[in-house]
Amino acid sequence: MPVKDLDHVNLRTANLAGMIAFYEKVLGLTLGPRPAFGFDGAWLYCGERATVHLIAVPQAAGIPDSGPAGLQLEHFAFTGEGLTDFMAQLRHHKVPYRPVEIQDFNIVQINLHDVDGNHIHIDFAPEDGADLSVYEGD
């Protein structure tokens with residue numbers, strides 16, 4: 001199979017600073033080097049890999065609305081470690097999330113949205129005693 005791993009996701013945003021802050025503070029990614037393209041943006045790293053590429057666009061750039069008539073990213077996913085600690089981090093930042101147990105694959109997905117509304121899930125090994133209730137934020 002030629003596809004082995006997720007390399008990166010490229011997202012257009014009219015809220016570059018907010019998106020950078022979300023991915024750094026909530027998901028623990030690190031802002032890092034980016035080629036000198038002729039447009040503004042940012043690359044956020046997961047370890048040594050730039051997994052989230054952001055491109056700054058004005059709101060009026062003709063970005064399709066989400067929903068049935070528009071184009072949108074359904075979701076992208078990461079693999080994570082430390083389920084309970086991650087859920088505590090989300091609650092600390094008041095980020096709503098919805099856990100889903102996928103028993104056939106022995107994983108727990110934590111579903112959330114970034115500040116632009118993009119759906120993300122992070123897959124974890126189950127942890128004994130983890131509270132898998134939905135968190136709506138404060």
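The values are calculated or read from the model by the stated rules, or taken from the named source; none is laboratory data. What you see is a predicted model; the values in this text were computed from it and never measured. Methodologically, a virtual Cβ is constructed for each residue, glycine included, from the backbone with ideal geometry; neighbour enumeration extends over all protein chains shown. Just so you know, the surface numbers come from the protein's heavy atoms only, side chains and all, with ligands and any DNA or RNA stripped out. Shrake-Rupley method; radii C 1.70, N 1.55, O 1.52, S 1.80 Å.
Taking the conditions (1) of a type outside the set (S, T, N, Q); (2) under 17 Å from the mean Cα position of the chain (by Cα); (3) closer than 27 Å to D7 by Cβ in turn, A125 satisfies each one other than (2).
Pick from the stretch 86-107 the residues that are charged (D, E, K, R) and over 24 Å from L6 (Cβ atoms): which of them is surrounded by the fewest Cβ atoms within 10 Å (Cβ to Cβ)? Among them, the one singled out is K94. Sort out which residues of the stretch 43-55 are crowded, with 16+ Cβ neighbours inside 10 Å, touching a Phe, Trp or Tyr at 6+ places or on another chain (Cβ under 9 Å) and of a type in the set (A, V, I, L, M, F, W, C), and write them in order of number. L44, C46, A50, V52, L54, listed by residue number.
Residues of the stretch 1-29 that are open to solvent by less than 80 Å² (accessible area, probe 1.4 Å) and not in a helix (DSSP H, G or I): L6, H8, V9, L11, T13, A14, N15, V26, L27, G28, L29.
If you go through the stretch 2-45 and keep only what is closer than 21 Å to N111 by Cβ and of a type in the set (K, R), you end up with just K25. Every condition in (1) open to solvent by 40 Å² or more (accessible area, probe 1.4 Å); (2) of a type in the set (A, V, I, L, M, F, W, C); (3) in contact with an Asp or Glu (Cβ under 9 Å, 6 or more places away or on another chain) is met by I110 except one, and the failing one is (1). Restricting attention to the stretch 127-138, the residues that are open to solvent by 30 Å² or more (accessible area, probe 1.4 Å) and touching a Leu at 6+ places or on another chain (Cβ under 7 Å) add up to 2. I need a count of the residues in the stretch 67-105 that are part of a loop (DSSP other than H, G, I, E, B), of a type in the set (A, V, I, L, M, F, W, C) and either at pLDDT 85 or above or touching a Phe, Trp or Tyr at 6+ places or on another chain (Cβ under 9 Å) (or both). Going through the stretch 67-105 one residue at a time, the tally reaches 1. Taking the stretch 117-134 as the range and being part of a loop (DSSP other than H, G, I, E, B) and within 17 Å of L29 (Cα to Cα) as the test, only N118 passes. Taking each residue of the stretch 84-111 that is farther than 19 Å from M19 by Cα and looking for partners that are open to solvent by 90 Å² or more (accessible area, probe 1.4 Å) and modelled with pLDDT of 90 or more with beta-carbon atoms closer than 7 Å, six or more apart or interchain, yields V108/E101. Each residue in the stretch 30-47 was checked for being in contact with a helix residue (DSSP H, G or I) (Cβ under 7 Å, 6 or more places away or on another chain) and in a loop (DSSP other than H, G, I, E, B), and 1 pass.
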